[in-house]
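Asker: Next up is a structure, given as C-alpha cells.
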Amino acid sequence: MSEERLRAVRDRVRSFPDFPVPGVLFRDISPLLKDPVAFKALIDLLEDHLRASFPRIDVIAGLDSRGFLIGPSLAQRLGVGFVLIRKKGKLPGPTESISYALEYGKAELEIQSDAVEAGQKVVVVDDLLATGGTMRAAKLEAIPFHSLLQYD
C-alpha cells in the first residue's frame, strides 16, 4: 500500500530544469495539490512517517510559502498546532529572524517570537529540499517530504 501511495505522489511532481535560474532543478507540486487522491496519499505518508519516527511532536512549522500548503493538513492529522515561518516583513508583532543563502540568492526568514515555546518538539515542513539552506535557516528539526520520495 505504501508503494502505491508513493507512486501516486511521485507521479504528480513535475521537474523543470534551469528554473528559475540555470542549474536549478525546480520540482513543481501543482499537479499534486490539484489531485485530492495524491494529496491525501502524501499526507498519509507523512503522518505515518512522523508517528513512527517521533513519539512526541508539539507543533508543525511551515516554511513560506509551500510549507503552508502541507503543514496545516499534517498538523491537523497529528492533533498539534501549526505556526508560520515567513519571509521577512510578512508577520506582525515581535519576530525572530535569520538571513541565509539560497541556491540562487539570499533570503531572510522570520517567526513570531511567541510561536514556539522553549523545549517544544517542532517538525518543519516545506515542499521539496534543494540545497537545504531554508531548512538550516529554520534551525529546527526538519523532515522534508522529498526524503520519502527518493528522487534519482
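Readers should treat all values here as calculations from the given coordinates under stated rules, not as data from a laboratory. Bear in mind the structure is a predicted one, so any value in this text is a computation, not a measurement. FYI the Cβ positions are ideal-geometry reconstructions off the backbone, even for glycines, and counts take in every protein chain you see.
Asker: Going by the alpha-carbon gyration tensor, a ≥ b ≥ c the square roots of its eigenvalues, is the range 1-124 rounded (a/c under 1.5) or, if a/c is not under 1.5, prolate (a/b greater than b/c) versus oblate?
Answerer: Details: a/c = 2.26, a/b = 1.12, b/c = 2.01.
Oblate, because a/c is 1.5 or more while a/b does not exceed b/c.
Asker: Sticking with this structure for a sec: Roughly how many Å is it from the Cα centre of the range 71-117 to that of the range 1-38, as a whole number?
Answerer: 23
Asker: Sorting E110, E3 on the 10 Å Cβ count, fewest up front, what's the list? Please report the intermediate quantities before stating the final value.
Answerer: Working: E110 20, E3 7.
Placing the least packed residue first, the sequence is E3, E110.
Asker: Cβ under 10 Å from S65's Cβ, S65 left aside: what net charge do those residues give with Lys, Arg +1 and Asp, Glu -1?
Answerer: Surrounding charge for S65 is +1.
Asker: Arrange the following residues from fewest to most other Cβ atoms within 10 Å of their Cβ: R56, R12. Mind showing how you got there, number by number?
Answerer: Details: R56 7, R12 20.
Ranked by crowding around the Cβ, least crowded first: R56, R12.
Asker: Next question. May I ask you to list the lysines whose Cα is less than 23 Å away from that of K106, ignoring any residue fewer than eight positions away on the same chain?
Answerer: Once the sequence-local lysines are set aside, what remains near K106 is K87, K88, K90, K139.
Asker: What does the highest-first list of 60-71, 30-41 look like by mean Cβ count within 10 Å?
Answerer: Working: 60-71: 21.1, 30-41: 15.1.
Per-residue mean Cβ counts within 10 Å order the peptides as 60-71, 30-41.
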